[in-house]
Amino acid sequence: MSEQSLDPASVAESELATARGVFRTVAFRDPVDRNEHLALVAGEPAGADDVLTRVHSECVTGDVFSALRCECGDQLSSALDTIADHGTGVLVYLRGHEGRGIGLVDKARTIALQDNSGLDTVDSATALGLPVDARDYGPAARVLRYLAVRSVRLLTNNPDKARALTARGVPVRSRVPLLAPARPENLGYLTAKRDRLGHDLPHLREPRV
């Protein structure tokens, strides 16, 4: 895997006042995927171990429009609250990850298949010849190294995400659950993530027999 570093010329930093307080923003253009991503930094994580960290995949429908069929918006809000309350931490917002990396148009196509044909989030992707998960966490690892974060406590229910960061040279000391409410609109999606993708979602009811 690539061990490239961020070019300082491709990074811009500023402050961002939010309802949760002031964050340091680190916008960067990744040298591998060429997307522009953003890290929100609370406190002073440089040189620290076990930094509370969320690596969040872009989801326009959930993050911006509060869609109920996924938990993305809930997780983004909860992660920001948790980091702000803790006082030190990093949220990395990865663009180009829409629909686990298939993009917004194909994501809409998979949703239509789910609604019209009863397929789940995995089978609706493969039915269209799309990958189930095409996300690359290299940009997150690169910005965490740029921020001199030594190791992280990762806000995620996804063991694969923790393994991907560790493989990229960012030690994940522990996973911190980030459980969003289960609703009628998202129960099928969450159940598929648990049963098909291996996410740890202990708050879900057992699947119907």
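The values are calculated or read from the model by the stated rules, or taken from the named source; none is laboratory data. Given the structure is predicted, the values throughout are model-derived calculations rather than measurements. In this analysis, Cβ positions are derived from the backbone assuming ideal geometry, glycine residues included, and neighbour counts consider all displayed protein chains.
So the values come out like this:
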quantity: Selection from segment 128-142 of residues that are aliphatic (A, V, I, L, M) and buried (at least 18 other Cβ atoms within 10 Å of the Cβ); calculated: L130, A140, A141
quantity: Residue within segment 163-179 that is of a type outside the set (V, I, T), part of a helix (DSSP H, G or I), farther than 22 Å from E58 by Cβ and more than 15 Å from the chain's Cα centre (by Cα) present; calculated: no
quantity: Tally of residues being hydrophobic (A, V, I, L, M, F, W, C) and under 18 Å from E36 (Cα atoms) across segment 3-22; calculated: 5
quantity: Residue tally, condition under 20 Å from T82 (Cβ atoms) and assigned to a strand (DSSP E or B), over segment 34-60; calculated: 12
quantity: Positions within segment 105-151 being assigned to a helix (DSSP H, G or I), of a type in the set (G, A, S) and without any contact (Cβ under 8 Å) to a residue 12 or more places away in the chain, in sequence order; calculated: A108, A112, S117
quantity: Check on A192, crowded, with 16+ Cβ neighbours inside 10 Å and in contact (Cβ under 8 Å) with a residue 60 or more places away in the chain; calculated: yes
quantity: Residue selected from segment 62-104 under the condition in a loop (DSSP other than H, G, I, E, B) and free of Cβ contacts under 8 Å to residues at least 60 places away in the same chain, by the criterion farthest from the chain's Cα centre (by Cα); calculated: G87
quantity: Residue count for segment 132-178, restricted to those that are under 25 Å from V11 (Cβ atoms) and among the acidic types (D, E); calculated: 1
quantity: Flag if E58 is closer than 22 Å to L165 by Cα, in contact (Cβ under 8 Å) with a residue 24 or more places away in the chain and over 17 Å from the mean Cα position of the chain (by Cα); calculated: no
quantity: Of all residues in segment 27-55 being without any contact (Cβ under 8 Å) to a residue 60 or more places away in the chain and hydrophobic (A, V, I, L, M, F, W, C), the one that is surrounded by the fewest Cβ atoms within 10 Å (Cβ to Cβ); calculated: A27
quantity: Whichever residue in segment 153-185 is touching an Asp or Glu at 6+ places or on another chain (Cβ under 6 Å) and of a type outside the set (K, R) and, among such residues, is modelled with the lowest pLDDT; calculated: A180
quantity: Residue within segment 12-33 that is among the β-branched types (V, I, T), under 30 Å from N186 (Cβ atoms) and either in contact with an Asp or Glu (Cβ under 7 Å, 6 or more places away or on another chain) or assigned to a strand (DSSP E or B) (or both) present; calculated: yes
quantity: Residues within segment 92-127 that are over 30 Å from E13 (Cβ atoms) and surrounded by fewer than 15 Cβ atoms within 10 Å (Cβ to Cβ), tallied; calculated: 9
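Yes/no per residue for (1) in contact with a helix residue (DSSP H, G or I) (Cβ under 6 Å, 6 or more places away or on another chain); (2) over 17 Å from L38 (Cα atoms):
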{"position": "I111", "(1), (2)": "no, yes"}
{"position": "A125", "(1), (2)": "yes, yes"}
{"position": "P131", "(1), (2)": "no, yes"}
{"position": "R135", "(1), (2)": "yes, no"}
{"position": "V149", "(1), (2)": "no, no"}
{"position": "P159", "(1), (2)": "no, yes"}
